[in-house]
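Student: Mind having a look at this structure? Questions to follow.
Nothing in this text is a laboratory measurement; each read-out follows from the coordinates by a stated rule. On a predicted model such as this, the values are computed, not experimentally measured, just so you know. Glycine also receives a Cβ, built like all others from the backbone with ideal geometry; neighbour counts cover every protein chain displayed.
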């Protein structure tokens, strides 16, 4: 079966978009978290609403008189400072002296909710509702809004809607409650009622963006794309630097198939503040629009030559559309601008897809030098070793991964997979069972367990495992394996139907056709198996070592048709299988091009000092493998700027890099055009300016990662670089 590896699909967003960050205003959290799980969004709303209520409670408590006790006042002060624990101490004393203080109960609810103690928060809210003066409608509305959000955390939308409505009856203009209830109605797909609330927000404050944003989002969700564009355009007319307005409008344009307008908006959102939603939409354009997107991104790359993200995004689009060779070429440009290990990792992924395993391992090796404890890199290396035919290396790699992540089920599944391929039945079974123990919802582990049990002759237990696969895997997609289990259970028609649905799901997915080859081999239809295998090769499948070792294809490998197909796509040499472009000569070439250079260093207080030149200025750096980038002190940066070694165009991502005294500001990123290190010349190296005037120059991974492998010869006082 397919060498199933969905591991990279569960990476953090940072690993996919290394330049992305979030700096959105808290008030916009509900809209900006549109893709987040419901419970998480509702919890964020609780915190937002609670924070807004603190001020209201303080004002109301003081305005009604009789609530200005010493303990209550001190609690307010501590909450303003963010000292909830000290505030709680004063509130407990207040409860002893004045248990009827409803405002104090409200503050207790805020503290408990902020701490995630929602049960205690609900108790305090109910006490506040019972004790607050009925004439104080504003405070009672706040409390009801808070209780509504607590109900929503518990997924009780009926009670939540009831409390929101009562709160708005008491105080129809309460902004935070209007926003919270409108968000809830959106989640419930009740767009008409949500629109009423957002329109009310617009009427209350035509200059605030959230009402327009809510109306636009509702319009998009209900298919009224022209109206959505109108609302988001209204936001842009008020705040033309509000990134979410562009990313949401870009989504509406995408729905209308207005791709040029959509591309402009998505890219604009990214230029403003690297908007996460915009990044996602960038990958949603249809394949035929790839030239348009690439051309526009190339324009940004030309206008911003020191920003690697534009090259990276072009590479990401190429990768998504399976143009791996083009992606590799662009990733090299990105790495030349900013030596980020993510570029190397994606390069390795592209090389792996092309079957260029030695190159992929070299790229990963360089990334691992920069990020030696990154478990994703360890996992990827293990898989590449396995695909290249080094099953023992794959098992060792996954063992290393398990040592670092002993409670992650997927590591055991993958090690079990390679043990399975190596014929280590009992050991593979142990790994599959541990994977199931840690994650009983992963169907592939049960399939592996079933296959091992069947291999051991324990048919009844094997059939039980196969039935579990069918129970878990109900939707045919690229990660499916139920067709194998159905076949093992004797349900051949259902198995074929499931397999054909998998194939139909994405006719361009080479992995699905490889699964089809494996399935039809198990089914006994060698002709269909060979046809699927050919299609997988035509679509770009290049994991030939796996093809030669996969036990599913054992009978197919004995046929003339298989041998002819392999000779066409991956010629067989006497030494064994080697994919196209992955010959022994290539590996030798890599070894031959390794250049060994020795650079003398000077001991400097327990560190290593190395001479180099930057933009023709001789300097000494501290060699620091723990630093991520090159760093300059403000003193050195100012000297370089004032003496012409740095130019204005060398400053990256900031127009205000000089402070009121004419000095370079802390945190400024500069592009070092030329760095000469031991005769090795590098261009476009990133450096960060640090505040300490006397801080040493640190030579970090943005240079070290581009030099190659580095050894420190302490007796000889030299660095040995294999470049």
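Student: Just to verify a number: FRET efficiency for residue 399 and residue 126, C-beta to C-beta distance, R0 = 51 Å, to 0.05? Please list the in-between numbers first.
Tutor: Working: r = 54 Å, r/R0 = 1.06.
With a Förster radius of 51 Å, E is 0.40.
Student: A further question follows. Rank-order 158-166, 130-138, 406-414 by packing density, defined as the average count of other C-beta atoms within 10 Å over each peptide's residues, highest first. Please report the intermediate quantities before stating the final value.
Tutor: Numbers: 158-166: 18.0, 130-138: 14.4, 406-414: 20.2.
Answer by packing, highest mean first, reads 406-414, 158-166, 130-138.
Student: Moving to a separate point now. Under a point spin-label approximation (7 Å from Cα along Cα-to-Cβ), what is the residue 280-residue 479 distance to one decimal in nm?
Tutor: If labels sit at residue 280 and residue 479, their model points lie 1.6 nm apart.
Student: Also, quick follow-up: Would you mind classifying the stretch 337-586 by shape? Square roots of the alpha carbon gyration tensor eigenvalues, ordered a ≥ b ≥ c; an a/c under 1.5 is rounded, otherwise it is prolate if a/b is larger than b/c and oblate if not.
Tutor: Note, shape of the stretch 337-586 comes out oblate.
Student: A follow-up question, please. Which of the three applies to the stretch 157-220, rounded, prolate or oblate, going by the alpha-carbon gyration tensor with a ≥ b ≥ c and a/c under 1.5 meaning rounded?
Tutor: oblate
Student: Then there's this: Which peptide among 83-96, 351-364 comes first, and what is the full order, when sorted by highest mean count of other Cβ atoms within 10 Å?
Tutor: Result, highest mean Cβ count within 10 Å first: 351-364, 83-96.
Student: Principal axes first, then extents: for the Cα atoms of the stretch 91-249, list largest minus smallest coordinate on each axis, whole Å, largest first.
Tutor: Principal-axis extents of the stretch 91-249 (Cα, largest first): 59, 28, 28 Å.
Student: How high is the FRET efficiency from residue 493 to residue 137, r the C-beta distance, R0 60 Å, rounded to 0.05?
Tutor: Plugging the Cβ-Cβ distance into 1/(1 + (r/R0)^6) gives 0.35.
Student: Same structure again: Would you mind ranking 454, 188 so that the residue whose beta carbon has the fewest other beta carbons within 10 Å leads the list? Walk me through the intermediate numbers first.
Tutor: Values: 454 16, 188 13.
Ascending Cβ contact count within 10 Å gives the list 188, 454.
Student: If you take the square roots of the eigenvalues of the alpha-carbon gyration tensor of the stretch 193-285 and sort them as a ≥ b ≥ c, do you get rounded (a/c under 1.5), prolate (a/b over b/c) or oblate?
Tutor: Cα axes put the stretch 193-285 in the oblate bin.
Student: Could you sort the peptides 291-304, 320-333 by per-residue average Cβ neighbour count (10 Å cutoff), highest mean leading? Intermediate results must be reported in sequence, preceding the final value.
Tutor: On the way: 291-304: 15.1, 320-333: 19.4.
Averaged packing, sorted descending, gives the order 320-333, 291-304.
Student: To the nearest 0.05, how large is the calculated FRET efficiency for residue 240 and residue 193 if R₀ is 30 Å and r is the Cβ-Cβ distance?
Tutor: Efficiency, rounded to the nearest 0.05: 0.45.
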